[in-house]
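K.L.:
Shown below is the structure under consideration.
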Amino acid sequence: DAGITQSPRHKVTETGTPVTLRCHQTENHRYMYWYRQDPGHGLRLIHYSYGVKDTDKGEVSDGYSVSRSKTEDFLLTLESATSSQTSVYFCAIRVTQNTEAFFGQGTRLTVV
Amino acid sequence: LAKTTQPISMDSYEGQEVNITCSHNNIATNDYITWYQQFPSQGPRFIIQGYKTKVTNEVASLFIPADRKSSTLSLPRVSLSDTAVYYCLVGLISSGSARQLTFGSGTQLTVLP
């Protein structure tokens, strides 16, 4: 398996609280991605990064922010969690924009 | 980004060959076609990637006609463990949007005994 770790794996939080999810890689890959997946839906891209401090928005970025201060870590922050952000979050990495992506095991986030 | 269209679901029986077709009418000259597989509660996993004609690996084959407006993922002799969602992606490599890795809704394949 690719060296990609998501933490935490499960989290329950209250509405209005800040939450940060971490994606850590040991592969030194340039590209990193955050997705969310809801029942009956495919994966939807939240944010992605193409290098340290280089990030951009995906299709469902509202309510989320990201940071990448070093190659190995890509953080996803929900500034004020809402129930609509209850989802499974996946992180992915890849070497270049044309190569296969490797996914983490996912983080199940529940906002109550 | 090139839009892709796949069947929402397919059923098959063990031992049969399964073909899942993806339409991508506005594919660009430099786009690659990539397929991923996702099991419940897991992240997607890369299956195969191609540009034209036919690509084969130990898991699947990918058939791409000359006009490249569609592609077909072929899974030989499926088993129950092939039950999963299969995603077709078309990636732009000639612009900044190539950095994005955008998934569609995928095809839910159910293999029956």
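The values are calculated or read from the model by the stated rules, or taken from the named source; none is laboratory data. For clarity, every value in this text was computed on a predicted model and none was experimentally measured. Glycine also receives a Cβ, built like all others from the backbone with ideal geometry; neighbour counts cover every protein chain displayed. Surface areas here come from the heavy atoms of the whole protein model, side chains and all, with no ligands, DNA or RNA. Shrake-Rupley method; radii C 1.70, N 1.55, O 1.52, S 1.80 Å.
K.L.:
Using the per-residue mean of other Cβ atoms lying within 10 Å as a proxy for protection, in what order, highest first, do the peptides B:81-89, B:57-65 fall?
P.N.:
Numbers: B:81-89: 20.4, B:57-65: 15.3.
Most protected by this proxy first, the peptides run B:81-89, B:57-65.
K.L.:
On to the next question. Take peptide A:33-43, look around each residue's Cβ out to 10 angstrom, count Cβ atoms belonging to other protein chains, and average those counts. Could you put the intermediate results ahead of the total?
P.N.:
On the way: counts 4, 0, 5, 0, 4, 0, 0, 2, 3, 10, 12.
That works out to 4 on average.
K.L.:
Is region B:1-108 rounded, prolate or oblate when judged by the Cα gyration tensor, a ≥ b ≥ c being the square roots of its eigenvalues, rounded requiring a/c under 1.5 and prolate requiring a/b larger than b/c? If you can, show how the numbers build up before the last one.
P.N.:
Working: a/c = 1.96, a/b = 1.50, b/c = 1.31.
It is prolate, given that a/c is not under 1.5 and a/b is the larger ratio.
K.L.:
Count the DSSP beta bridges whose two residues both fall in chain A, then state the antiparallel fraction as a percent rounded to the nearest 5. Don't jump to the answer; show the numbers that get you there.
P.N.:
Numbers: 36 of 40 bridges.
If we restrict to bridges inside chain A, about 90 percent are antiparallel.
K.L.:
Now for a separate question. Ignoring ligands, DNA and RNA, what percent of the accessible area of region B:1-72 is carbon or sulfur (1.4 Å)? The partial results should precede the final answer.
P.N.:
On the way: 1960 of 4000 Å².
Carbon and sulfur atoms account for 49 percent of the accessible area of region B:1-72.
K.L.:
From the C-alpha coordinates alone, can you work out the Kirkwood hydrodynamic radius of region B:1-57, in Å? Mind showing how you got there, number by number?
P.N.:
Working: mean 1/r = 0.0738 Å⁻¹.
Taking the inverse mean of 1/r over all distinct Cα pairs, region B:1-57 comes out at 13.6 Å.
K.L.:
Return the average number of partner chain Cβ atoms within 10 angstrom of each residue Cβ along peptide B:100-112. If you can, show how the numbers build up before the last one.
P.N.:
Details: counts 10, 12, 9, 8, 2, 4, 3, 0, 1, 0, 0, 0, 0.
The shielding value for this peptide is 4.
K.L.:
Among the listed pairs A:Lys70/B:Lys3; A:Lys57/B:Lys52; A:Lys53/B:Lys69; A:Lys11/A:Lys70; B:Lys3/B:Lys52, which are separated by more than 27 Å between their Cα atoms? Present the calculation step by step, with values, prior to reporting the outcome.
P.N.:
On the way: A:Lys70/B:Lys3 33 Å; A:Lys57/B:Lys52 31 Å; A:Lys53/B:Lys69 36 Å; A:Lys11/A:Lys70 24 Å; B:Lys3/B:Lys52 18 Å.
Over 27 Å apart, Cα to Cα: A:Lys70/B:Lys3; A:Lys57/B:Lys52; A:Lys53/B:Lys69.
K.L.:
Determine the dipole magnitude for region B:24-113: charges of +1 sit on the beta-carbon of Lys and Arg, -1 on that of Asp and Glu, nothing else is charged, the reference point is the Cα centre, and the result goes in debye to the nearest 20. Can you show the working numbers first?
P.N.:
On the way: 7 positive and 4 negative charges, 24 e Å.
So the magnitude is around 120 debye.
K.L.:
Using 16 Å as the cut-off for backbone N distance, which residues of region B:16-44 belong to the label zone defined by a point 7 Å from the Cα of B:Lys69 along Cα→Cβ?
P.N.:
Only B:22-29 pass the distance filter.
K.L.:
Tell me, what is the per residue accessible area of chain A in Å², probe radius 1.4 Å?
P.N.:
Numbers: 5230 Å² over 112 residues.
Each residue of chain A exposes 47 Å² on average to a 1.4 Å probe.
K.L.:
Please state the relative contact order of chain B as a whole percent: Cα pairs under 8 Å, 6+ residues apart?
P.N.:
Values: 281 pairs, mean separation 41.6, N = 113.
Here the relative contact order equals 37 percent.
K.L.:
May I pose another question? State to the nearest 20 debye the size of the charge dipole of the protein assembly as shown about its Cα centre, where the only charges are +1 on K and R beta carbons and -1 on D and E beta carbons. Don't skip to the end; give the middle numbers.
P.N.:
Working: 20 positive and 19 negative charges, 73 e Å.
So the dipole magnitude of the protein assembly as shown works out to roughly 360 debye.
K.L.:
Please report the spacing between the Cα centers of region B:32-69 and region A:47-112 in Å, no decimals.
P.N.:
24
K.L.:
Turning to a different aspect of this structure: With contacts defined as alpha carbon pairs under 8 Å and 6 or more residues apart, what's the relative contact order of chain A in percent? Mind dumping the intermediate values first?
P.N.:
On the way: 292 pairs, mean separation 39.7, N = 112.
35 percent.
K.L.:
I've got another one for you. Please report, as a whole percent, how much of the solvent-accessible surface of region A:3-70 comes from carbon and sulfur atoms (probe radius 1.4 Å). The partial results should precede the final answer.
P.N.:
Numbers: 1580 of 3470 Å².
Whole-percent figure for carbon plus sulfur exposure: 45.
K.L.:
Suppose a student asked you for the relative contact order of region A:59-112, using Cα pairs under 8 Å spaced at least 6 residues apart; what percent would you report? Walk me through the numbers on the way to the answer.
P.N.:
Values: 64 pairs, mean separation 16.0, N = 54.
This gives 30 percent for region A:59-112.
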